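Contents: one structure, followed by commentary.
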Amino acid sequence: MIPTLEWLPEGINFLDQTKLPLEETYVLATDYKQVANVIRDMIVRGAPAIGVSAAMGVAIGIDRSAATNLQDLTAEVASISKTLAETRPTAVNLFWGIDEICTLYNQLAASNTPIPEIKAAVVAKSRRMYDEDIAACKQMGAHGASLLPKQGTVLTHCNAGALATCGYGTALGVIRAAIEAGHTIDVFADETRPFLQGARLTAWELLKDNIPTTVLCDNMSAHLMKQGRIQAVIVGADRIAANGDTANKIGTYAVSILAKEHGIPFYVAAPWSTIDIATAHGDLIPIEQRAAREVTHSNGKQMTPDGAAIENPAFDVTPAKYITAIITERGVLYPSFAESIQRMDAATPELATA
Ligand code: MRU
């Protein structure tokens, strides 16, 4: 399995995704500030992996705290959470991950639990969240595999694979599960400018699993759809609003319109922690703007003339009307998503946080 991140006695070890596919190197974060930097710099990325990293970040902050009383530790937890929450705004999993650990901390602090016991409990919970993320990906695979063609080519955008989760992947997990179930699937991976998650990461991890993968520039899929060479699209998500509008990597919205135009099903695969019931619709989702340099430079080489204005929104929002189904670990949601999300949310009791 691809070790995206791992809790070790000396810290949290992250596979450095900025270096792939040429170098397989690791960055060890020994305190929460380093975890925040790892998330901000996209050494770890992908909504579910960010969520678990943030949870582990709060846990390592608490675990390494020198506070000797609960009052001081509680103040520290607030500052740790703030630092981690300010790293990336769009993937709601980040805030979910922080919240899961803070909720447990607050429960234990409220009952005056000794600090060493609190430390052990938050570390254990963050490590459990890692295992639960992999289990959720496998469940998404089980629920979604039959939606993919028995034989055909599936387009994906960005990287929603093992590298974007604790293992197996969401969108790529569904592809993996379909192949394990006997489907013959080839993958088209959009390169995903400017960070190249598709070209660098999706192609890398699928080829490691011997899944036939062809990299496309981001402007090629319309042509291939018109030729009948794409049978389904499947992507991940960074935040799904209560009405099903879905924020995902910049370029996803365009792909969804192309799929609709060509009568191709467009699937989203995401864990329940990506669904943000508190956000009514997609226009309310904060979109991260990243540094101009990601666009102006490629591999350290300047690609644009000095003085060119640059836009670099990292995500866009696909309106619910373009989405055929949303695959979660709880089951598959169909339109109207406002209703199916609410129904499934009400039907599944919250998991205990401790
Ligand atoms: O900027 P990134 O690389 O963190 O963006 C990742 C994506 O947009 C993924 O598609 C999304 O997080 C789902 S990952 C299972």
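Could you list all residues from segment 183-212 that are among the polar types (S, T, N, Q) and part of a strand (DSSP E or B)?
Step one: filter segment 183-212 for residues among the polar types (S, T, N, Q), giving 184, 192, 197, 202, 210.
Scanning segment 183-212 gives a single hit, T184.
Here is a yes/no grid of residues against (1) charged (D, E, K, R); (2) within 16 Å of the ligand (Cβ to nearest atom); (3) not assigned by TED's automatic domain parsing to the domain that holds K301:
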residue: A162; (1), (2), (3): no, yes, no
residue: G167; (1), (2), (3): no, yes, no
residue: A171; (1), (2), (3): no, yes, no
residue: R176; (1), (2), (3): yes, yes, no
residue: T192; (1), (2), (3): no, yes, no
residue: F195; (1), (2), (3): no, yes, no
residue: G198; (1), (2), (3): no, yes, no
residue: T202; (1), (2), (3): no, yes, no
residue: M220; (1), (2), (3): no, no, no
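For every residue, the table says whether it meets (1) without any contact (Cβ under 8 Å) to a residue 12 or more places away in the chain; (2) within 19 Å of L94 (Cα to Cα); (3) in the same structural domain as A199 (by TED's automatic domain parsing).
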{"position": "P9", "(1), (2), (3)": "yes, no, no"}
{"position": "V27", "(1), (2), (3)": "no, no, no"}
{"position": "V38", "(1), (2), (3)": "no, yes, no"}
{"position": "V44", "(1), (2), (3)": "no, yes, no"}
{"position": "A67", "(1), (2), (3)": "no, no, no"}
{"position": "L73", "(1), (2), (3)": "no, no, no"}
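For segment 211-227, which residues satisfy the criterion of being surrounded by fewer than 16 Cβ atoms within 10 Å (Cβ to Cβ), touching a residue at least 12 places away in the same chain (Cβ under 8 Å) and of a type in the set (S, T, N, Q)?
T214
Can you find, within segment 228-256, the residue that is surrounded by the most Cβ atoms within 10 Å (Cβ to Cβ) among those that are more than 18 Å from the chain's Cα centre (by Cα) and of a type in the set (S, T, N, Q)?
Step by step, filter segment 228-256, then rank; the result is S256.
Go through (1) open to solvent by less than 10 Å² (accessible area, probe 1.4 Å); (2) closer than 23 Å to P313 by Cα one by one and return the number of the condition R88 breaks.
(1)
Have a look at G57, G51 and point out the one that is touching a Ser or Thr at 6+ places or on another chain (Cβ under 8 Å) and either open to solvent by less than 60 Å² (accessible area, probe 1.4 Å) or away from the ligand (no atom under 16 Å from the Cβ) (or both).
Values: G57 fails: touching a Ser or Thr at 6+ places or on another chain (Cβ under 8 Å).
Of the residues listed, the single one that is touching a Ser or Thr at 6+ places or on another chain (Cβ under 8 Å) and either open to solvent by less than 60 Å² (accessible area, probe 1.4 Å) or away from the ligand (no atom under 16 Å from the Cβ) (or both) is G51.
Here are T18, T25: which of them is within 13 Å of the ligand (Cβ to nearest atom) and closer than 28 Å to E294 by Cβ?
Numbers: T25 fails: within 13 Å of the ligand (Cβ to nearest atom).
Every option except T18 fails the conditions.
Just the residues that are in a strand (DSSP E or B) and either open to solvent by 90 Å² or more (accessible area, probe 1.4 Å) or of a type in the set (S, T, Y) (or both), please, taken from segment 303-323.
Here is the first cut: in segment 303-323, the ones in a strand (DSSP E or B) are 313, 315-318.
Of everything in segment 303-323, just one residue is in a strand (DSSP E or B) and either open to solvent by 90 Å² or more (accessible area, probe 1.4 Å) or of a type in the set (S, T, Y) (or both), namely T318.
Being surrounded by fewer than 23 Cβ atoms within 10 Å (Cβ to Cβ) and within 19 Å of the chain's Cα centre (by Cα): is that true of M42 here?
Numbers: surrounded by fewer than 23 Cβ atoms within 10 Å (Cβ to Cβ): yes; within 19 Å of the chain's Cα centre (by Cα): yes.
Judged against the criteria, M42 is a match.
From the list I327, I277, I250, I285, which residue is closer than 17 Å to S221 by Cβ and in contact (Cβ under 8 Å) with a residue 60 or more places away in the chain? Please lay out each step first, then the result.
Numbers: I327 fails: closer than 17 Å to S221 by Cβ; I277 fails: closer than 17 Å to S221 by Cβ; I285 fails: closer than 17 Å to S221 by Cβ.
The conditions single out I250.
The values are calculated or read from the model by the stated rules, or taken from the named source; none is laboratory data. For clarity, every value in this text was computed on a predicted model and none was experimentally measured. For neighbour counting, all protein chains shown are included, and Cβ atoms are generated from backbone atoms with ideal geometry for every residue, glycine included. SASA here: full protein model, heavy atoms, side chains in, ligands and nucleic acids out. Shrake-Rupley method; radii C 1.70, N 1.55, O 1.52, S 1.80 Å.
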